[in-house]
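Data block below; observations after.
The values are calculated or read from the model by the stated rules, or taken from the named source; none is laboratory data. Since we're looking at a predicted model, the values are computed, not measured. With ideal geometry, Cβ positions are generated from the backbone for all residues, glycine too; neighbour counts draw on all protein chains shown.
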Amino acid sequence: MRLALLGWIAVCGLAQQPVPAAPESHHHAVYEDARVRILDVQIEPRESIPAHRHDSDYVWVADSTMHFSRGGVAHVERNREIIVELVQRQINPHNVCGEILPGEYLHCHEPGSEWLGANLEIQFETDQTRFGILQIAPNSALTVPPTDVPSLLIALEGAEAEAVTRANGDPGGGRRRSVTTANVLRSPADQVTEIRNTGKAPARFLVVEFGGPGE
């Protein structure tokens, strides 16, 4: 009887361990490159998923709030979370204009001059990566600034927009696409992307910029 009880306790202990995120069926990979892997979490109503871990450092946005975690920490996710797994371990993570790391000081500064006039707030950064929230008002448009290392813009829940991408210097034409939750926009240096908010509420995007000694 004692052996059976110990065996039952051992099984329960194993069941409560966070499982790796990779096989999680609720994760839908929407973008991946040498730096990041972006996941859209989709959970049906009244459904839940077990606590699990991501092997790499990651940032996620849930209910309009940004979070950061080191790899290996258990995480229970919510429907329509956007998760950015960071392939490289991040050095010197710190708050900028948002309290992403609880209890840490804010080191708020403006985004780069290429974002002049945009409603972009950088909330968190490391030596390799910066994360901010961009908002575009209804019936307004924003041209994504071209850079040598393109930024990523991930549409957050509720976003309704249209993106037009064309060759840099070409005033007309271009490729149009609708942009909704979890769509990822990336503009190489030789292209220009204009985003127009076609919805009735501000369109919000998670902006991921790359640079620093990690590059």
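With respect to the numbered conditions (1) out of contact with any Ser or Thr (no Cβ under 6 Å at 6 or more places or on another chain); (2) over 17 Å from VAL30 (Cβ atoms), which one is the sole condition not fulfilled by THR180? For THR180, the failing item is (2). Take GLU209 and tell me if it is without any contact (Cβ under 8 Å) to a residue 60 or more places away in the chain and either out of contact with any strand residue (DSSP E or B) (no Cβ under 9 Å at 6 or more places or on another chain) or closer than 17 Å to ILE83 by Cα (or both). Here the answer is no, as GLU209 does not meet what is asked.
Give the residue that is nearest to LEU152 (Cα to Cα), with candidates limited to residues of the stretch 74-93 that are assigned to a strand (DSSP E or B) and under 14 Å from the mean Cα position of the chain (by Cα).
VAL84
So is ALA161 small (Gly, Ala, Ser), at pLDDT below 95 and in the same structural domain as ASN119 (by TED's automatic domain parsing) or not? Against the criterion (small (Gly, Ala, Ser), at pLDDT below 95 and in the same structural domain as ASN119 (by TED's automatic domain parsing)), ALA161 does not qualify.
Among the candidates GLU104, GLU125, the residue that is in the same structural domain as VAL179 (by TED's automatic domain parsing) and under 27 Å from ALA34 (Cβ atoms) is uniquely GLU125. Strands (runs of 3 or more DSSP E) fully within the stretch 110-201 that include at least 3 residues being among the basic types (Lys, Arg), within 20 Å of the chain's Cα centre (by Cα) and within 24 Å of ILE83 (Cα to Cα): none found. Within the stretch 34-47, the set of residues being of a type outside the set (A, V, I, L, M) and either surrounded by 12 or more Cβ atoms within 10 Å (Cβ to Cβ) or in contact with a helix residue (DSSP H, G or I) (Cβ under 6 Å, 6 or more places away or on another chain) (or both) comprises ARG35, ARG37, ASP40, GLN42.
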